[in-house]
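Q: Handing you this structure, nothing more for now.
Any read-out appearing in this document is the output of simple, stated calculations on the displayed coordinates, not a laboratory observation. Remember, it's a predicted structure, so these values are computed and weren't measured experimentally. Note that we place each Cβ from the backbone using ideal geometry, even for glycine, and neighbour counts take in every protein chain shown.
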2 protein chains.
Amino acid sequence: MPDIKHFDPDATLETVVRLFWRQGVASTGIQDVVTATGLNRSSLYATFGGKQDLYRAALGRYLEQRSQPMFRRLAEDGRGLPAVSEFFGGLIEARCSGEYARWGCMVSNAHAGAENSDPEVRAVLDQHHHELREAMYAALITAETQGQLSSGVDPGTSADLLALLAYGVNLRSRAGADAATLSRTVSAALNSIGVRAAA
Amino acid sequence: MPDIKHFDPDATLETVVRLFWRQGVASTGIQDVVTATGLNRSSLYATFGGKQDLYRAALGRYLEQRSQPMFRRLAEDGRGLPAVSEFFGGLIEARCSGEYARWGCMVSNAHAGAENSDPEVRAVLDQHHHELREAMYAALITAETQGQLSSGVDPGTSADLLALLAYGVNLRSRAGADAATLSRTVSAALNSIGVRAAA
DNA sequence: AGTATCTTGGAATTCTCATTTCAGGATGGC
DNA sequence: GCCATCCTGAAATGAGAATTCCAAGATACT
């Protein structure tokens with residue numbers, strides 16, 4: 001009896017993610033969303049609700065599809081410090097070149113804007129931070145097990161440090177920070193932690 | 001012959017700084033500015049121009065009055081690493097407690113938002129980063145001269161690292177990061193750089 | 001085929017925002 | 001005390017925002 005949806009909500013949400021990711025929620029109008037997705041206002045509202053709901057859904061999708069896979073790879077990689085190094089290498093490359101260059105991280109961007117006044121958004125921010133920190137911690141524990149950490153280095157504190165560093169990379173990349181400089185900086189941090197960190 | 005201004009533009013701008021600093025430019029209306037400053041729309045426009053001009057003026061004032069004094073103190077302090085440690089101590093305290101708690105840094109916030117699409121704003125962002133990095137570098141050169149740096153530590157790369165760390169602190173403080181954790185994290189970074197860093 | 005139900009397109013509605021305008025009031029040199 | 005000049009207040013303007021509504025079209029089960 002019912003009619004079926006004539007579009008793919010998932011593909012639509014991906015388009016919306018890119019809009020909010022690049023421009024932020026405040027400077028993105030529903031009209032922008034309508035234009036970019038090609039579908040109708042009514043369909044948008046019927047499917048996702050209002051603008052804030054749409055933003056929340058987009059932010060959730062970003063976390064699941066973009067952040068968490070990276071975190072998982074980092075946490076489950078058995079190599080220790082090389083995994084951390086690779087994580088930052090991929091991060092810097094994604095932030096400074098290719099399609100998403102200078103877009104920063106959608107979650108980091110949300111930290112700085114008025115988005116974070118929404119409790120649900122704040123919860124996502126906290127979740128993101130917790131997961132990043134825990135993934136980093138897991139990789140450092142692995143590194144410690146394999147004797148890669150310099151003496152006196154605490155994995156917990158180092159996880160906090162590297163997580164904070166990642167936010168710095170995310171933020172500065174939006175202003176066009178140089179990838180080579182960022183890489184050198186991250187390498188220095190890793191060298192200070194480990195007996196020998198890969199590139 | 002002319003009438004004189006009936007208010008203090010400097011005090012007004014300070015009020016405006018706090019509005020934009022806390023809420024960002026997109027979610028702050030001219031009406032908010034009118035209400036907060038108590039002066040009239042016409043006076044606002046006559047004195048500062050439009051909203052974007054007002055934001056630029058506020059951002060400039062923030063840089064001059066809030067950031068640069070800190071940078072100068074850091075660069076001109078002759079103690080080396082203790083100066084760096086004190087810089088971060090003051091930063092964390094300002095970001096996590098008192099009147100401006102959870103406001104982050106107005107410049108860091110501008111990185112993440114749509115503000116940075118304005119070339120003039122971008123220039124301020126670059127200037128801020130350059131000055132922060134150079135101040136950090138100066139302090140580390142001082143530290144090196146006094147033999148405070150561990151062997152193999154490059155002041156330039158370390159300056160980049162600590163600058164990036166400051167951005168991380170600024171960003172995460174907006175989400176309510178714990179001051180004690182931030183302090184521990186920063187201390188660890190300083191310990192990895194110096195032979196002995198003060199609290 | 002019929003029909004209940006959902007989707008769709010686009011106009012309509014209701015706000016809010018930035019900016020301008022203008023008449024009246026205050027100022028200070030003459 | 002006069003007047004050119006600037007300031008002040010409040011309303012007006014006009015663009016653009018989010019959201020809602022409704023008539024028309026499409027669907028799939030009976």
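Q: Name the residues in the range B:138-176 that are outside any helix (DSSP H, G or I) and β-branched (V, I, T), would you?
A: Listed by number, the list holds a single entry, B:V153.
Q: Oh, and also: I'd like to know if the range A:76-98 contains one or more residues that are within 12 Å of DNA strand C (Cβ to nearest atom), more than 13 Å from chain B (Cβ to nearest Cβ) and buried (at least 17 other Cβ atoms within 10 Å of the Cβ). Reasoning before the result, please.
A: Taking the range A:76-98 first, the residues within 12 Å of DNA strand C (Cβ to nearest atom) are none.
No: the range A:76-98 contains no residue that is within 12 Å of DNA strand C (Cβ to nearest atom), more than 13 Å from chain B (Cβ to nearest Cβ) and buried (at least 17 other Cβ atoms within 10 Å of the Cβ).
Q: Of the residues A:N116, A:N170, which single one is in contact with a Gly (Cβ under 8 Å, 6 or more places away or on another chain) and facing another protein chain (nearest Cβ under 9 Å)? Explain how you work it out, then say what you get.
A: Details: A:N116 fails: in contact with a Gly (Cβ under 8 Å, 6 or more places away or on another chain).
Of A:N116, A:N170, the one residue that is in contact with a Gly (Cβ under 8 Å, 6 or more places away or on another chain) and facing another protein chain (nearest Cβ under 9 Å) is A:N170.
Q: If B:A114 satisfies all but one of (1) in contact with a Phe, Trp or Tyr (Cβ under 8 Å, 6 or more places away or on another chain); (2) within 15 Å of DNA strand C (Cβ to nearest atom); (3) of a type in the set (A, V, I, L, M); (4) within 27 Å of A:L164 (Cα to Cα), what's the number of the condition it fails?
A: The failed condition is (1).
Q: Let me ask something else. Tally the residues that are crowded, with 20+ Cβ neighbours inside 10 Å and of a type in the set (D, E, K, R), restricting the search to the range B:137-195.
A: 3
Q: Going by what's in this entry, would B:D3 be described as free of Cβ contacts under 8 Å to residues at least 40 places away in the same chain, over 15 Å from B:M106 (Cβ atoms), acidic (D, E) and more than 8 Å from DNA strand C (Cβ to nearest atom)?
A: Numbers: free of Cβ contacts under 8 Å to residues at least 40 places away in the same chain: yes; over 15 Å from B:M106 (Cβ atoms): yes; acidic (D, E): yes; more than 8 Å from DNA strand C (Cβ to nearest atom): no.
When the stated conditions are applied, B:D3 does not pass them.
Q: Those residues that are within 14 Å of another protein chain (Cβ to nearest Cβ) and away from DNA strand D (no atom under 13 Å from the Cβ), I need them from the range B:5-58; list them, please. Steps first, answer last, please.
A: Step one: of the range B:5-58, the residues within 14 Å of another protein chain (Cβ to nearest Cβ) are B:19-29, B:32, B:51-52, B:55.
Residues satisfying the conditions are B:L19, B:F20, B:W21, B:R22, B:Q23, B:G24, B:V25, B:T28, B:D32, B:Q52, B:Y55.
Q: Shifting gears a bit: With the requirement that a residue be assigned to a loop (DSSP other than H, G, I, E, B) and surrounded by 14 or more Cβ atoms within 10 Å (Cβ to Cβ), what does the range B:25-54 give you? Full working, then the answer.
A: At the first step, the residues of the range B:25-54 found to be assigned to a loop (DSSP other than H, G, I, E, B) are B:25-29, B:38-40, B:49-50.
Matches in the range B:25-54: B:V25, B:A26, B:S27, B:T28, B:L39.
Q: Does at least one position in the range A:124-143 carry a residue that is among the basic types (K, R) and more than 23 Å from B:A179 (Cβ to Cβ)? Spell out the reasoning first.
A: The first filter runs over the range A:124-143 and keeps only residues among the basic types (K, R), leaving A:133.
Right, trim to more than 23 Å from B:A179 (Cβ to Cβ) and you get none.
No, because not a single residue in the range A:124-143 is among the basic types (K, R) and more than 23 Å from B:A179 (Cβ to Cβ).
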